[in-house]
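Asker: Once you've had a glance at the structure underneath, I'll fire off some questions.
The values are calculated or read from the model by the stated rules, or taken from the named source; none is laboratory data. This one's a predicted model, so the numbers in the text were calculated from it and none came from an experiment. Positions of Cβ are generated from backbone atoms using ideal geometry, with glycine treated the same way; all protein chains shown enter the neighbour counts. For the accessible areas, the whole protein counts, side chains as well, though only heavy atoms, and no ligand, DNA or RNA atoms are used. Shrake-Rupley method; radii C 1.70, N 1.55, O 1.52, S 1.80 Å.
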Amino acid sequence: MTVIKSSQEVAIMRQAGKIVAAVLQRLRQEVKPGIKTRQLDSVAVSELKRFGAKASFKGYQGFPAHLCVSVNDEIVHGIPGERLLNEGDMVSLDFGAFFKGFHGDAAITVGVGRISPQAQELLTVTEAALMAGIKAAHCGAHLGDVSAAIQNYVETRGFSVVREYSGHGVGRDLHEDPLVPNFGLRGEGPLLQKGMTLALEPMVTAGDWRTRLDENRWTVLTADGSLSAHFEHTIAISDTKPEVLTLL
Ligand code: MG
């Protein structure tokens, strides 16, 4: 069932969202060649402490870290560890904060040093696809309008949207209904209503959309080894245009 939040609840989610945005902004500054992915996890932990918030992902269905770090052909749910980031890699950072009973959830993809023109294009298109989805997420639209906006933006630029993982409702629980697929048809799905809080998160690949699961049972990779990017914001549906909660 879709959860409609009161304006007070949205106000708390705004605080949680700002914490997520602040942590991601700090992490972006830490991404450089030679850093280990687990160092990014440590930075996220120390930043969270400053805000008195908790990591949404740690322990979620057994996830072992505070931050998802997914490199190159890894799409989502990468586990930070001893891997070193190299010049030319692209790294996706997905982070959730739990604050005063509510979650905020967002992701960015960052180039490590200089990246290839194709990697840069993938990054730019994925972030713009998220913005296209947000623009379509106005009160009275159908959820399928949002999915279709994301899919069309990506596919007309020659990339693919991942189909096996989706955006979602978010609030008291990290993952609430409805699912927000990155593909779909305009006019389908539930109507968007004021007070719905959703995490939109296009996961985009340079090749085929099919995925495979790593031996660690968490990390999702492109089946064909192609590059992937991921951007996410938590938004609140309002009377006019949606409010992006995971912004500073
Ligand atoms: Mg999410």
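Asker: Non-local amide H neighbours of T211 (under 5 Å, H modeled in plane, Pro and chain starts lacking H): which ones?
Answerer: Hits under the 5 Å cutoff: A223.
Asker: Dipole size in debye (nearest 20) for region 7-244 around its Cα centre, Lys and Arg Cβ +1, Asp and Glu Cβ -1?
Answerer: 740 debye
Asker: Report Rg(Cα)/(2.2 N^0.38 Å) for region 1-115, keeping two decimals.
Answerer: That ratio works out to 1.09.
Asker: State the Cα centre-to-centre distance between region 206-221 and region 25-50 in whole Å.
Answerer: 24 Å
Asker: Here's a follow-up. Using the Cα centre of region 42-124 as the reference point, and only Cβ charges (+1 on K/R, -1 on D/E), how large is the resulting charge dipole? Debye, rounded to the nearest 20.
Answerer: Using Cβ point charges on Lys, Arg, Asp and Glu, region 42-124 gives about 540 debye.
Asker: Between region 140-162 and region 72-113, what is the separation of their alpha carbon centroids in Å?
Answerer: 22 Å
Asker: With a 1.4 Å probe and every protein chain kept in, tell me what percent of the accessible surface of region 7-244 is carbon plus sulfur.
Answerer: 50 percent
Asker: Moving on. Taking a 1.4 Å probe, which of K100, K36, K5 shows the most accessible area, and what order do the others take after it?
Answerer: Greatest to least solvent exposure: K100, K36, K5.
Asker: When the chain is modelled as a GNM with alpha-carbon springs shorter than 10 Å, which of F95, F63, F231 fluctuates the most?
Answerer: Among F95, F63, F231, the largest GNM mean-square fluctuation belongs to F63.
Asker: With only alpha-carbon pairs counted, each pair once and no self-pairs, how large is the Kirkwood hydrodynamic radius of region 88-234 in angstroms?
Answerer: So the Kirkwood estimate lands at 15.5 Å.
Asker: At 222 nm, what value in deg cm²/dmol follows for the chain if DSSP H runs of at least 4 each add -39500 (n - 2.57) and the sum is divided by all its residues, to the nearest 500?
Answerer: Helix-only estimate at 222 nm: -10000 deg cm²/dmol.
Asker: Probe of 1.4 angstrom, ligands and nucleic acids ignored: what's the accessible area per residue over the chain, in square angstrom?
Answerer: 43 Å²
Asker: Please state the shape class of the chain: rounded when a/c is under 1.5, otherwise prolate if a/b exceeds b/c and oblate if not, all from the C-alpha gyration tensor.
Answerer: The shape class here is oblate.
Asker: On to the next question. Past the 30 Å Cα-Cα mark, which pairs from K36/K241; K18/K194; K32/K194?
Answerer: Violating the 30 Å limit, Cα to Cα: K36/K241; K32/K194.
Asker: Further question on the same structure: Roll a 1.4 Å probe over the protein heavy atoms and report the accessible area of W218 in Å², nearest 10.
Answerer: Rounded to the nearest 10, the figure is 60 Å².
Asker: Here's another thing I want to ask about it. How much net charge surrounds F57 when only other residues with a Cβ under 11 Å from its Cβ are counted (Lys, Arg +1; Asp, Glu -1)?
Answerer: Summing Lys and Arg as +1 and Asp and Glu as -1 gives -1.
Asker: Follow-up question, since we're still on this one. Among rounded, prolate and oblate, which fits region 96-141 when a ≥ b ≥ c are the square roots of the eigenvalues of its C-alpha gyration tensor, a/c under 1.5 means rounded, and a/b larger than b/c means prolate?
Answerer: Oblate is the answer for region 96-141, as a/c is 1.5 or above yet b/c matches or exceeds a/b.
Asker: Which order do the peptides 148-158, 129-139 take when ranked by the mean count of other beta-carbon atoms within 10 Å per residue, highest first?
Answerer: Ranked from most to least packed, the peptides come out as 129-139, 148-158.
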